[in-house]
1. Among the listed residues B:ALA224, B:ALA198, which satisfies the condition of being at pLDDT below 90 and over 16 Å from the mean Cα position of the chain (by Cα)?
2. Give the range B:188-226 a look and list any residue that's among the β-branched types (Val, Ile, Thr) and under 30 Å from B:HIS45 (Cα atoms), or say none.
3. Identify, please: which residue in the range A:66-87 is open to solvent by less than 10 Å² (accessible area, probe 1.4 Å) and in contact (Cβ under 8 Å) with a residue 40 or more places away in the chain and is, among those, farthest from A:GLU129 (Cα to Cα)?
4. Scan the helices (runs of 4 or more DSSP H) fully inside the range B:62-138 and keep the ones with 2 or more residues being over 20 Å from B:THR208 (Cα atoms), polar (S, T, N, Q) and facing chain A (nearest Cβ under 9 Å).
5. Do any helices (runs of 4 or more DSSP H) entirely within the range A:141-248 hold 2 or more residues that are in contact with a Ser or Thr (Cβ under 6 Å, 6 or more places away or on another chain) and without any contact (Cβ under 8 Å) to a residue 60 or more places away in the chain, and if so, which?
6. Identify, by number, the condition in (1) of a type outside the set (Ser, Thr, Tyr); (2) open to solvent by 40 Å² or more (accessible area, probe 1.4 Å); (3) over 20 Å from B:MET114 (Cβ atoms) that A:PHE99 doesn't meet.
7. Conditions: (1) open to solvent by 10 Å² or more (accessible area, probe 1.4 Å); (2) among the small types (Gly, Ala, Ser); (3) in contact (Cβ under 8 Å) with a residue 24 or more places away in the chain; (4) under 28 Å from B:ARG217 (Cα atoms). B:GLY130 meets all but one. Number of the miss?
Protein chains: 2
Amino acid sequence: MPSLYEPVGTLTYVASWFARRRPLAELPRLRQRGEHRAVARVDLHDLTPDPPSYLGQAAHLQLVSFQSLSAVIQATPSLADKRTLTAPAADALGAYQAFVEEIGRRFGDPVEVMTPFSRGAEHLYRLNEGGDWRETLLGVLVTSGLLVDFFVRVSGGLPGELASHAEQILARSAEEEPLIAVLRDEIERDPRVASRLALWGRRLVGDTLLIARSVLRGYERLEADEVREIEPIFTELIAAHTRRMDALGLTA
Amino acid sequence: MPSLYEPVGTLTYVASWFARRRPLAELPRLRQRGEHRAVARVDLHDLTPDPPSYLGQAAHLQLVSFQSLSAVIQATPSLADKRTLTAPAADALGAYQAFVEEIGRRFGDPVEVMTPFSRGAEHLYRLNEGGDWRETLLGVLVTSGLLVDFFVRVSGGLPGELASHAEQILARSAEEEPLIAVLRDEIERDPRVASRLALWGRRLVGDTLLIARSVLRGYERLEADEVREIEPIFTELIAAHTRRMDALGLTA
């Protein structure tokens, strides 16, 4: 039974769709990008999961963001914070609904398509869950921030117009400013919060990168040089993470 | 300091705006309706809270519905249930945002307008909170169902176009079908759930009626015959509650 993000040991995860293994001849190979980019010369497109798996996991990602943000909205006593955070919560909910609609239109029952990834989603939700609402909010910022970036990068490997659809839906859900604003206020109010959150951010990013890797189709079977070729993309994701932490005045 | 729904003893509440008491000469009087309705010949318009209080409490009501529904979405393990309940959660969130916008446009800082009613909102959230997610979902259905009906009835006393605006916003948030569908499935799956929920519903309705009464401007100072005159409206609210419980196959 496939189940994304499933822990194997403490820190490694297997990609869910391994359960429907393809013959070796179809092993995806990395493609060199025609255009040269500053950092990454390869892309992840050949490792993009099949469309239902992509959409099912993207829908889960948005549902988890929504659920974690809702928990923060409930937990913060500040009406101003609640108000600031309802916009990104509504965006995550809208993105979830858009993915569910896309699944329904293309592949039938969204519940069936999403169910194999429920355990992984539960794992992601637990990962976000911090010792208080500030940590949970940083959890959403770090994990959803990184994973949305990642799903955008991977979307290019989807067939036809689905690629741009997915990217548009993700773009709509990616507003980080409200989360950063609330966290900055908390950090300014109490300097001890900063060191606690910096620590928490470092704990989150490693696990989130493992989740991202587990989404890739066939990652476990890549050759060493191919793994090296994708490294720049993870370096990019980490750089974006560092910028997010910088925006909070925290060391990544 | 005004604070709606504040408990006085165990089962009585004072309306928040009592803190800004008006001179006795301005005591609101009940108006007989020109048109004759089947049940109620009087309306609550003269007891409608002043516009900022109305909007502040209506915004809180929607925020609580959103928060309680989010807690249910998080707690239910069923992806189908989660999916069904995201629509009403999004509606409650949208209604909250619309009320906040209305407050901002008319009366300045929404946080300031809403803050006096935060304790009352917390009380309502705790009231919804049941022993499991099914009870919490019934909590939202019963309390939000009754209070939205109530705020619609009271909206007629708002000045100018605000009355119809408020009613439109409330109408958008009032879809009960998804909540009923999820609860019916649960009741069908396990008959013991029915008796537990019936009991829970009866517990909720009394407290919710007290909350509704506490919203009315000047209720505490009405004459006995005036109280009798408003009774039909509460009878209507209870009848609507009974219809909701009937839809679940439960005795109200």
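1. Unique residue meeting the criteria: B:ALA224.
2. First pass over the range B:188-226, keeping only residues among the β-branched types (Val, Ile, Thr): B:193, B:205, B:208, B:211, B:215.
Passing the criteria: B:VAL205, B:THR208, B:ILE211, B:VAL215.
3. Ranking the candidates gives A:LEU85 first.
4. B:79-107
5. Those helices (runs of 4 or more DSSP H) span A:162-172.
6. Of everything listed in (1) of a type outside the set (Ser, Thr, Tyr); (2) open to solvent by 40 Å² or more (accessible area, probe 1.4 Å); (3) over 20 Å from B:MET114 (Cβ atoms), A:PHE99 misses just condition (2).
7. Failed condition: (4).
Every residue, every condition in (1) modelled with pLDDT of 95 or more; (2) in contact with a helix residue (DSSP H, G or I) (Cβ under 9 Å, 6 or more places away or on another chain); (3) open to solvent by 50 Å² or more (accessible area, probe 1.4 Å), yes or no:
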| site | (1), (2), (3) |
| --- | --- |
| A:GLU135 | yes, yes, no |
| A:VAL142 | yes, yes, no |
| A:PHE151 | yes, yes, no |
| A:LEU162 | yes, yes, no |
| A:GLN168 | yes, yes, yes |
| A:SER173 | no, yes, no |
| A:GLU177 | yes, yes, yes |
| A:ARG192 | no, no, yes |
| A:ARG213 | no, yes, yes |
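The values are calculated or read from the model by the stated rules, or taken from the named source; none is laboratory data. These figures come from a predicted structure and were not determined experimentally. FYI the Cβ positions are ideal-geometry reconstructions off the backbone, even for glycines, and counts take in every protein chain you see. What goes into the accessible areas is simple: the full protein's heavy atoms, side chains included, and nothing from ligands, DNA or RNA. Shrake-Rupley method; radii C 1.70, N 1.55, O 1.52, S 1.80 Å.
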